[in-house]
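The values are calculated or read from the model by the stated rules, or taken from the named source; none is laboratory data. This one's a predicted model, so the numbers in the text were calculated from it and none came from an experiment. Note that each Cβ is placed from the backbone with ideal geometry, even for glycine, and that neighbours are counted across all protein chains shown. Areas reflect the complete protein model, heavy atoms only, side chains present, ligands, DNA and RNA absent. Shrake-Rupley method; radii C 1.70, N 1.55, O 1.52, S 1.80 Å.
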Amino acid sequence: MARPRKPLLSRERIVETACALVDAEGLAAVSTRRLAAELGVSGPSLYNHFRTKDQILEAVADSVSAQVDLSMFDAADGRDWRTALHDWAVSYRAALTRHPNIVPVLARGPGRRPAGLRLADAMFGAMVDAGWPPAQATSIGALMRYFIMGSALGSFAGGFVDDETAYDPADYPHLGQAHLLADRQQIIDDRAFETGLRALLDGLASQYEQVGGGVREH
């Protein structure tokens, strides 16, 4: 019997394998030698698709950006700017929390990454179309990116240990229940994100009224 053929090496296979490696072990685990071993190929064969490790990580980052739902920014969607921004932020954070180890690469900005640029373009265009002056739409994009990426970099609740003795009331009189946070990590972190997101949107809604909800900056 003929031996089964190995799957052809492709850009997609390299990115998927690198993404799984980043998820499991972090950015430092990625090297061309390690990826080649994971893929069952020789190291030089990777260079037909990517010249450097940084290019691979950029592609992994862009694959995560591509997971963010942008449908709420379509002109035919019908959601108002506030609802669209909320739903986009939730989808954006969900993508990042699935792949938190790649967030430092995403935090550098979209650069030339196609999916990252489509994400920025869709959000900015929707805000301008809704009546935000372009300069403020840019600030909204920056603000949302800071908030969303910051929320994905680590867990607030997960930062406390599940050990009651670690928080002696004599030293920390207000942290008597802190050891319980770790067990409710996702609930607490999700609630904190939603609380912050609502506060941001409330503030933006107030500013929107001040700019006239349709007066554009020229």
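Given ALA142, ALA157, which one is over 16 Å from VAL68 (Cβ atoms), open to solvent by less than 40 Å² (accessible area, probe 1.4 Å) and at pLDDT 95 or above?
Working: ALA157 fails: at pLDDT 95 or above.
When all the criteria are applied, what remains is ALA142.
Residues to consider are GLY116, GLY203; find the one that is touching a helix residue (DSSP H, G or I) at 6+ places or on another chain (Cβ under 9 Å) and either open to solvent by less than 70 Å² (accessible area, probe 1.4 Å) or closer than 29 Å to LYS53 by Cβ (or both).
Details: GLY203 fails: touching a helix residue (DSSP H, G or I) at 6+ places or on another chain (Cβ under 9 Å).
Exactly one residue qualifies, and that residue is GLY116.
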Test set (1) closer than 26 Å to ALA28 by Cβ; (2) loosely packed, with under 13 Cβ neighbours inside 10 Å; (3) of a type in the set (Ser, Thr, Tyr) - TYR172 fails condition number: (1)
Helices (runs of 4 or more DSSP H) contained in segment 1-73 and holding at least 2 residues more than 18 Å from GLY116 (Cβ to Cβ) and open to solvent by less than 50 Å² (accessible area, probe 1.4 Å): 11-25, 32-39
Neighbours by Cβ (under 9 Å, 6+ apart or cross-chain): first from segment 67-91, closer than 20 Å to GLY203 by Cα; second at pLDDT 95 or above and of a type in the set (Val, Ile, Thr): LEU85/ILE140; TRP88/VAL68; ALA89/ILE148
Residue tally, condition open to solvent by 50 Å² or more (accessible area, probe 1.4 Å) and within 15 Å of the chain's Cα centre (by Cα), over segment 189-200: 1
Where LEU27 falls short, out of the listed (1) on the phi > 0 side of the Ramachandran plot; (2) in contact (Cβ under 8 Å) with a residue 60 or more places away in the chain: (1)
Unique residue being in contact with a Phe, Trp or Tyr (Cβ under 9 Å, 6 or more places away or on another chain), modelled with pLDDT of 90 or more, closer than 15 Å to ARG82 by Cα and open to solvent by less than 60 Å² (accessible area, probe 1.4 Å) when the list is TYR208, TYR167: TYR208
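Can you spot a residue in segment 120-139 that is of a type in the set (Asp, Glu), open to solvent by 30 Å² or more (accessible area, probe 1.4 Å) and under 28 Å from TRP81 (Cβ atoms)?
Yes, some residue in segment 120-139 is of a type in the set (Asp, Glu), open to solvent by 30 Å² or more (accessible area, probe 1.4 Å) and under 28 Å from TRP81 (Cβ atoms).
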Enumeration of residues in segment 74-89 that are open to solvent by 60 Å² or more (accessible area, probe 1.4 Å) and under 21 Å from the mean Cα position of the chain (by Cα): ASP74, ARG82
Qualifying residue in segment 100-113 (condition: more than 23 Å from LEU201 (Cα to Cα), among the polar types (S, T, N, Q), open to solvent by 40 Å² or more (accessible area, probe 1.4 Å) and at pLDDT below 95): no
